[in-house]
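> I have a structure I would like to understand better, so I am pasting it below and will then ask my questions one at a time.
The values are calculated or read from the model by the stated rules, or taken from the named source; none is laboratory data. These numbers were taken from a predicted model, which means no experiment stands behind them. Every residue, glycine among them, receives a Cβ derived from its backbone with ideal geometry; neighbour counts consider all protein chains shown. Heads up: the accessible areas ignore ligands, DNA and RNA and are worked out on the full protein's heavy atoms, side chains in. Shrake-Rupley method; radii C 1.70, N 1.55, O 1.52, S 1.80 Å.
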Amino acid sequence: MSTEIIKNELLGESYYSIDHPSGLKIFVYPKENYESSYAVFGTRYGSIDVCFRADGQQDFITVPEGIAHFLEHKLFESEELDAFARYAKTGASANAYTSFDRTCYLFTCTGNFKDSFEILLDFVQSPYFTEETVAKEQGIIGQELTMYKDIPEMEVFYNMLRAMYSVHPVRIDIGGTVESISEITAQRLYDCYNTFYNPSNMALAVAGNVTPEAVLEVADRLLKSKEPVTIERRFFPEPPQVCTDYTQQTFNIATPLFSLGYKETYSEPERSLKEIMVTSMLLEIIAGNTSVLYERLLKDELINTEFSAEYFTGYGYAACIFSGESSDPKRVRECINEEIARLRREGITDEQFEVARRKYYGRVITCFNEVDDIANSLIVSHFQKIPLFEEFDLLPGITKSDIEARLEATLREEYSSLSVVI
Amino acid sequence: MNYSFSVSEPAAGVRMCKIKASQFKTACISVNLALPLGEDASANALLPYLLHRCTGKYPDMRAMNMRLGSLYGADISASVGKIGEAQVLQMYASFIDDRFALDSESVAKSCADMLADMLFEPKLDENGRFFPEDIEREKRMLSELYQSELNDKKVYALRRCTEIMFASEVYSVGKYGTLADIQALTPEKVYSAWRRVLETARVQIDVIGNVDFDSVEKLFSQRFSCINRAPVEIKTQFIKTAGEPKRVREPMDIKQGKLVIGMRAGTASAQESYPALRVMCDLYGGSPHSKLFSVVREKMSLCYYCSARLTRQKGIIMIQSGVECENEEKAEKAILEQLELVRRGEFSDDDLKASVDALSDAFRGASDSPDAIDAWFSTQILDSQLRSGDDFADEMESVTREQVVEAANGVTLDTVYMLYSGEGEAEK
């Protein structure tokens with residue numbers, strides 16, 4: 001077992017990075033004077049992983065949409081007590097989530113850390129699926145998916161992804177559909193579990209009121225070794241074109257919602273940290289609350305303070321997304337395009353760049369405030385193969401010309417889709 | 001406990017809560033203004049949004065945001081809440097700790113000054129009035145906020161149940177008032193609301209982090225000394241026992257029904273029986289091991305979400321659930337049956353212990369960020385004595401089975417509201 005202490009003097013932060021003999025990467029991030037600890041056990045397996053093959057398999061296998069999320073639900077069950085019932089004995093607050101590219105199991109507690117930690121490691125490593133329990137879950141998740149259909153904020157976002165992407169599975173709702181989950185069987189769940197819930201594809205992070213000794217004492221006892229697995233995800237080559245540049249759904253809401261995405265296509269599936277940072281700063285300059293655009297759209301009564309922009313990227317997909325509420329989303333789209341053109345013509349001012357840089361600096365520092373943010377960031381950065389403090393270290397090196405160059409390369413009107421819910 | 005706190009009164013009816021904690025990367029200051037909930041709700045609600053957008057010193061919104069941006073993205077936000085029959089206006093500043101500032105300027109001092117300017121030195125014209133265009137902008141945005149919250153059908157159904165259940169009580173007034181009242185606001189009405197708030201609101205200012213507390217206290221004590229303070233008394237009506245249950249069903253074009261059940265908790269004050277009720281509510285419908293979650297949702301698959309929430313400041317319990325419309329009756333029956341079981345003491349000692357442990361664990365952990373500490377203290381604005389999470393946790397740990405059963409037996413069914421999938425729109 002090798003343990004490395006990773007430090008950042010300027011931030012005043014440090015943590016332990018441990019290569020456990022089981023093949024699992026473990027991070028322990030003690031925070032002095034914190035009452036609670038937060039543990040998260042994650043696998044690099046999300047809703048987009050619907051077509052893959054593991055070592056030696058000849059063919060790619062295709063599994064039903066929504067299966068990662070379904071598996072997350074099912075893992076809480078066992079032959080005896082389900083995980084929630086077990087956590088009830090320790091007082092911890094437990095949960096789990098599935099995103100496009102990962103599934104994470106977590107708990108937070110102030111006391112009885114080791115007892116709760118044992119439960120986490122045990123249930124995530126103990127799958128128990130039968131046809132009966134799968135059938136029952138299909139009912140529960142069916143209800144959950146139906147509930148999402150009543151939430152316009154979710155529909156407007158997924159509709160935009162479907163408008164932009166024609167083949168990449170990011171176009172699928174994370175939970176799948178009532179139809180797709182009806183194809184899930186116990187055997188399929190085991191296939192996915194055995195592929196993705198392998199220590200070499202997972203990571204464990206604990207932050208807060210905790211020591212590496214406490215973590216390792218439990219981990220050494222409970223972690224099961226498995227032969228490392230190499231997973232090949234099918235790379236879905238997307239055309240640069242969007243499927244449709246406009247999509248609309250009726251919900252009868254007072255102020256329409258919109259999501260405007262500018263699709264990017266690359267031959268490499270993943271973006272570098274620097275690209276992500278530069279793009280985020282660019283979006284702040286274009287559309288943040290210090291931008292000319294933001295001020296103008298507010299004044300013209302075209303947006304309210306819900307307006308925001310983000311860089312949305314993962315394995316095989318990347319897009320700049322503007323979203324908000326507007327009485328006239330098409331007009332907002334025109335204004336955004338005009339502003340992008342103006343900035344390309346006139347360039348970015350030093351003042352705008354400096355404010356964007358300072359805001360980013362403040363945001364990075366704030367990321368080290370809360371134990372849940374820290375533990376989840378450790379997992380995400382590990383899956384992205386980016387050291388945790390790299391963002392902080394890269395920031396001073398980013399220049400205005402980096403951002404201007406990015407502006408030339410992205411945000412192409414012809415590759416954009418506007419989704420509206422009215 | 002990982003912080004120390006002290007309380008002072010820099011002006012009449014102004015409580016300052018100074019919470020010293022050095023472990024965080026950020027600090028925060030919140031200004032909370034409590035007023036009786038009533039006919040001025042819309043004018044009051046507009047204020048924090050209007051005031052935090054610009055000041056006399058930074059009359060231009062973009063200049064203000066640039067200034068905050070240069071303070072490493074210091075965030076000053078506004079919100080409105082309802083605590084019992086009080087409307088609480090909040091302006092909240094969150095910023096990085098001064099040890100991370102890249103130059104010698106104190107971020108904390110700048111943010112405190114900015115907050116004080118927002119409250120006392122707003123942007124006014126040469127005749128000392130708010131600008132009509134600023135008022136119109138905020139009216140539009142508050143109207144949109146009001147409506148967008150109701151886009152979430154869960155929120156909409158809870159709101160409708162609240163209107164029906166408290167039809168003859170002040171509590172039926174929404175935190176933003178009504179859409180018509182928002183739209184009828186004028187610069188004059190908002191101006192008089194601003195003066196009234198400065199003079200009469202019960203104020204609590206929370207300062208959390210590694211901050212020069214004395215200078216913040218001095219700042220606010222100086223600013224308030226220019227105001228003729230007459231802090232108002234805020235009272236909430238408690239109805240201990242419900243009458244004949246009210247039942248209302250309304251149709252809407254939705255995929256999944258929303259069932260909301262309102263109950264009276266059997267109390268006459270925010271403090272009465274609180275620990276027992278809180279544990280009872282957790283056992284009944286708070287946590288994943290609760291009866292509503294483990295039986296009604298998991299075992300019977302009757303709904304996707306189903307939970308009970310106690311509002312101690314009004315003495316009520318609201319149960320929210322998402323159900324398929326054909327399961328409406330079954331779900332209601334199951335929800336009420338589970339309460340019956342708690343009343344009869346049909347729960348295990350393990351379940352009781354699980355609720356006590358979960359609550360006490362959560363209360364003890366509510367101190368690991370400035371935001372969480374502020375949320376903890378600011379919601380106690382109406383309580384005469386501020387108490388820490390540890391104090392609450394200790395109380396939870398002393399609750400007995402008999403107290404839980406007694407608390408459950410004091411609960412009465414008041415209103416059953418169902419938003420079902422069907423033709424015809426309920427009132428928007």
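> Return the loop-located chymotrypsin sites (Phe, Trp or Tyr not before Pro) in region A:1-100 (DSSP other than H, G, I, E, B) with at most 14 other Cβ atoms within 10 Å of their own Cβ; answer none if there are none.
On the way: sites: A:Tyr15, A:Tyr16, A:Phe27, A:Tyr34, A:Tyr38, A:Phe41, A:Tyr45, A:Phe52, A:Phe60, A:Phe70, A:Phe76, A:Phe84, A:Tyr87, A:Tyr97, A:Phe100; in loops: A:Tyr34, A:Tyr45, A:Phe60, A:Phe76, A:Phe100.
Qualifying residues, ordered by number: A:Phe60.
> In sequence order, what are the phi-derived ³J(HN,Hα) couplings for region A:57-63 according to the Karplus relation 6.51 cos²θ - 1.76 cosθ + 1.60 with θ = phi - 60°, rounded to whole Hz, with x for glycine and proline?
Rounded to whole hertz, the list is 5, 7, 10, 5, 10, 10, 10.
> Another one. Please list A:Asp59, B:Asp368, A:Asp220, B:Asp113 in order of solvent-accessible area, largest first, computed with a 1.4 Å probe with all protein chains present.
Working: A:Asp59 105, B:Asp368 10, A:Asp220 85, B:Asp113 50 Å².
Order by accessible area, largest first: A:Asp59, A:Asp220, B:Asp113, B:Asp368.
> At 222 nm, what value in deg cm²/dmol follows for chain A if DSSP H runs of at least 4 each add -39500 (n - 2.57) and the sum is divided by all its residues, to the nearest 500? The partial results should precede the final answer.
Numbers: 15 runs with 169 residues, N = 422.
Using -39500 (n - 2.57) per qualifying helix, the result is -12000 deg cm²/dmol.
> While we're looking at this one, here's another question. Work out the mean other chain Cβ neighbour count within 10 Å for the residues of B:356-362 and drop it here as an integer. Present the calculation step by step, with values, prior to reporting the outcome.
Values: counts 1, 9, 8, 1, 3, 12, 7.
Mean partner shielding for this stretch: 6.
> Determine ³J(HN,Hα), in whole Hz, for all residues of region B:394-403 in sequence, where each value follows from phi through the Karplus function 6.51 cos²θ - 1.76 cosθ + 1.60 and θ = phi - 60°; x replaces Gly and Pro.
Going residue by residue, I get 4, 5, 4, 5, 9, 6, 9, 4, 4, 5 Hz, with x marking Gly and Pro.
> With springs only between Cα atoms under 10 Å, which of B:Gly257, B:Gly209, B:Gly410 fluctuates most in a Gaussian network model of chain B?
Among B:Gly257, B:Gly209, B:Gly410, the largest GNM mean-square fluctuation belongs to B:Gly410.
> Here is a follow-up. Considering only DSSP states other than H, G, I, E and B, which chymotrypsin sites (Phe, Trp or Tyr not before Pro) in region A:359-422 qualify as loop sites with at most 16 other Cβ atoms within 10 Å?
Filter output for region A:359-422: empty list.
> Using the heavy atoms of the protein chains alone and a 1.4 angstrom probe, what is the accessible area of chain B per residue in square angstrom? Let's see the in-between values first.
Working: 16290 Å² over 428 residues.
Per residue, chain B has 38 Å² of solvent-accessible surface.
> Helix A:350-366 against the longest principal axis of chain A: what's the angle in degrees, Cα atoms only, rounded to the nearest 10?
So the helix axis and the longest Cα principal axis differ by about 20 degrees.
> Can you work out the accessible area per residue across region A:253-392, with the rest of the protein chains kept in place, probe 1.4 Å, in square angstrom?
Details: 5150 Å² over 140 residues.
The answer is 37 Å² per residue.
> Please list, in chain and number order, the residues 5+ apart from A:Gln248 or on another chain whose amide H is under 5 Å from its amide H, with Hs placed from the backbone.
A:Val420
> Using the Karplus curve 6.51 cos²θ - 1.76 cosθ + 1.60 with θ = phi - 60°, work out ³J(HN,Hα) for each residue of region B:8-14 in order, rounded to whole Hz, and write x for Gly and Pro.
Taking θ as phi minus 60°, the curve returns 9, 10, x, 7, 4, x, 10 Hz for region B:8-14.
> Hey, another quick one. Largest first, how would B:Asp361, B:Asp103 line up by accessible area (1.4 Å probe)?
Details: B:Asp361 15, B:Asp103 70 Å².
From most accessible down to least: B:Asp103, B:Asp361.
> Taking chain B as the reference, fit the longest principal axis to its C-alpha atoms, fit the long axis of helix B:132-149 to the helix C-alpha atoms, and give the angle between the two in degrees, 0 to 90, nearest 10.
20 degrees
> So which lysines can A:Lys274 reach, going by Cα to Cα under 16 Å and dropping same-chain residues fewer than 8 places off?
Cα-Cα hits under 16 Å: A:Lys385, A:Lys400.
> Note the angle between two axes, namely the Cα long axis of helix A:400-409 and the longest principal axis of the Cα atoms of chain A, as a number of degrees from 0 to 90, rounded to the nearest 10.
The two axes meet at around 90 degrees.
> Also, quick follow-up: For the protein assembly as shown, rounded, prolate or oblate, judged on the Cα gyration tensor with a ≥ b ≥ c (square roots of eigenvalues), a/c < 1.5 rounded, else prolate if a/b > b/c?
Taking the square roots of the gyration eigenvalues as a ≥ b ≥ c, the protein assembly as shown is rounded.
> Considering only DSSP beta bridges whose two residues both sit in the protein assembly as shown, what percent are antiparallel, to the nearest 5? Working shown, then result.
Numbers: 112 of 136 bridges.
Here the share of antiparallel DSSP bridges comes out near 80 percent.
> Springs between alpha-carbon pairs under 10 angstrom, Gaussian network model over chain B: which of B:Glu188, B:Glu395, B:Glu244 fluctuates most?
Maximum among the listed residues: B:Glu244.
> Take every Cα-Cα pair in region A:2-233 and report what % of them are more than 21 Å apart.
Details: 16044 of 26796 pairs.
Looking at region A:2-233, the distances longer than 21 Å represent 60 percent of pairs.
> Then there is this: If you count only protein heavy atoms and use a 1.4 Å probe, how large is the accessible surface of A:Arg357, to the nearest 10 Å²?
A:Arg357 exposes around 60 Å² with every protein chain in place.
> Something else: Roughly speaking, what is the centre-to-centre gap between region A:333-364 and region B:119-181 when only Cα atoms are used, to the nearest Å?
Each part reduced to its Cα centre gives a spacing of 33 Å.
> Note every residue of region B:288-319 with a reduction of at least 40 square angstrom in accessible area, all protein chains present versus the isolated chain, computed with a 1.4 Å probe, or write none.
B:Pro288, B:Glu298, B:Ser301, B:Tyr304
> Any residues in region A:147-185 that have 40 Å² or more less accessible area with all protein chains than in their chain alone, probe 1.4 Å, and which are they?
Residues meeting the cut-off: A:Met147, A:Asp150.
> State the Cα centre-to-centre distance between region A:57-121 and region A:1-46 in whole Å.
19 Å
> Pop out a list of residues from region A:50-86 that are at least 40 Å² less accessible with all the protein chains around than in their chain alone; 1.4 Å probe, no ligands or nucleic acids counted.
Residues passing the criterion (a loss of at least 40 Å², heavy atoms only) are A:Phe84.
> Out of the GluC sites (Glu not before Pro) in region B:282-328, which ones are loop residues according to DSSP with at most 16 other C-beta atoms within 10 Å? Before the final figure, lay out the partial values.
Details: sites: B:Glu298, B:Glu324, B:Glu326, B:Glu328; in loops: B:Glu324.
For GluC sites (Glu not before Pro) across region B:282-328 that sit outside H, G, I, E and B with at most 16 neighbouring Cβ atoms in 10 Å, the list is empty.
> Then there's this: On the protein heavy atoms, probe 1.4 angstrom, tell me the percent of accessible surface of region B:63-165 carried by carbon and sulfur.
About 49 percent, which is the carbon plus sulfur part of the accessible surface.
> GNM, chain A, Cα, under 10 Å: largest mean-square fluctuation among A:Gln352, A:Gln125, A:Gln187?
A:Gln187
> Considering only protein heavy atoms and a probe of 1.4 Å, how much of the accessible area of region B:300-428 is carbon and sulfur, as a whole percent? Could the numbers behind the result be given before it?
Details: 2420 of 5290 Å².
Answer for region B:300-428 is 46 percent, counting heavy atoms of protein chains only.
> Relative contact order for region B:246-421: what is it in percent, counting Cα pairs under 8 Å that are at least 6 residues apart? Before the final figure, lay out the partial values.
Details: 296 pairs, mean separation 71.9, N = 176.
After rounding, I find 41 percent.
> Hey, if we sort B:Cys111, B:Cys226 by accessible area with the 1.4 Å probe, largest down, what's the order? Walk me through the numbers before you get to the answer.
Details: B:Cys111 0, B:Cys226 110 Å².
Order by accessible area, largest first: B:Cys226, B:Cys111.
> Looking only at other chains, what is the average number of their beta-carbon atoms within 10 angstrom of each beta-carbon in A:240-252? Present the calculation step by step, with values, prior to reporting the outcome.
Values: counts 0, 0, 0, 0, 0, 0, 0, 0, 0, 0, 1, 3, 5.
Rounded to a whole number, the mean comes out at 1.
> Now, a different point. Using only the Cα atoms of region A:1-138, build the gyration tensor, take square roots of its eigenvalues as a ≥ b ≥ c, and label the shape rounded, prolate or oblate: rounded if a/c is under 1.5, else prolate if a/b is larger than b/c, else oblate.
Working: a/c = 2.24, a/b = 1.34, b/c = 1.67.
Cα axes put region A:1-138 in the oblate bin.
> Taking amide H positions as placed 1.01 Å from N in the peptide plane, with prolines and chain starts having none, which residues 5 or more places from B:Met16, or on another chain, fall under 5 Å of its amide H?
B:Ser8, B:Glu9, B:Ile205
> Sticking with this structure for a sec: Mind grabbing the accessible area of A:Ser47 for me, 1.4 Å probe, Å², rounded to tens?
Rounded to the nearest 10, that gives 10 Å².
> Students often get this wrong, so check it: of B:Lys18/B:Lys218; A:Lys74/B:Lys299; B:Lys82/B:Lys123; B:Lys154/B:Lys255, which have C-alpha atoms separated by over 23 Å? Numbers along the way, then the final one.
Working: B:Lys18/B:Lys218 13 Å; A:Lys74/B:Lys299 14 Å; B:Lys82/B:Lys123 27 Å; B:Lys154/B:Lys255 12 Å.
Violating the 23 Å Cα-Cα cut-off are B:Lys82/B:Lys123.
> Between chains A and B, what is the buried accessible area summed over both chains (1.4 Å probe, protein heavy atoms, nearest 100 Å²)? Kindly include the intermediate steps, with their values, before the conclusion.
On the way: alone 19070 and 18860 Å², together 32750 Å².
Buried area between the two chains comes out at roughly 5200 Å².
> Follow-up question, since we're still on this one. Round to a whole number: what % of the accessible area of chain A belongs to carbon and sulfur, probe 1.4 Å? Could the numbers behind the result be given before it?
On the way: 7870 of 16460 Å².
Its accessible area is 48 percent carbon and sulfur atoms.
> Let me ask another. List the residues whose amide H sits under 5 Å from the amide H of B:Lys82, counting only those 5 or more places along or on another chain, with H placed 1.01 Å from N in the peptide plane.
Long-range HN contacts for B:Lys82: B:Val88.
> So what does A:Arg412 come to for accessible area, using a 1.4 Å probe and Å² rounded to 10?
Ignoring ligands and nucleic acids, A:Arg412 comes out at about 80 Å².
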